[in-house]
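The values are calculated or read from the model by the stated rules, or taken from the named source; none is laboratory data. The shown structure was predicted, so the numbers you read here are calculated from the model rather than taken from an experiment. Heads up, the Cβs are rebuilt from the backbone with ideal geometry, glycines too, and the neighbour counts pull from every protein chain shown.
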């Protein structure tokens, strides 16, 4: 019943060779890594722009 879970062939060597043969940088090699990095970049940019806008509004009101 559980043979499919614990009696599988070991494919670690094949996966390791495929991972090492990939020419992309290490932080982009995993599945969905590009998506995660882009989402982080968008969130960071939105936060930075929001902070700059808030500082601008504070300076505008105080002057």
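Here are some notes:
- Pairs where the first residue, in the range 1-26, is at pLDDT 85 or above and the second is surrounded by 10 or more Cβ atoms within 10 Å (Cβ to Cβ), C-beta under 6 Å, 6+ apart: 22/29
- If you go through the range 1-55 and keep only what is in a loop (DSSP other than H, G, I, E, B), surrounded by 10 or more Cβ atoms within 10 Å (Cβ to Cβ) and under 12 Å from the mean Cα position of the chain (by Cα), you end up with 29, 30.
- Residue pairs meeting the criteria (Cβ under 6 Å; at least 6 apart or on separate chains; first without any contact (Cβ under 8 Å) to a residue 12 or more places away in the chain, in the range 42-61; second surrounded by 10 or more Cβ atoms within 10 Å (Cβ to Cβ) and in a helix (DSSP H, G or I)): none
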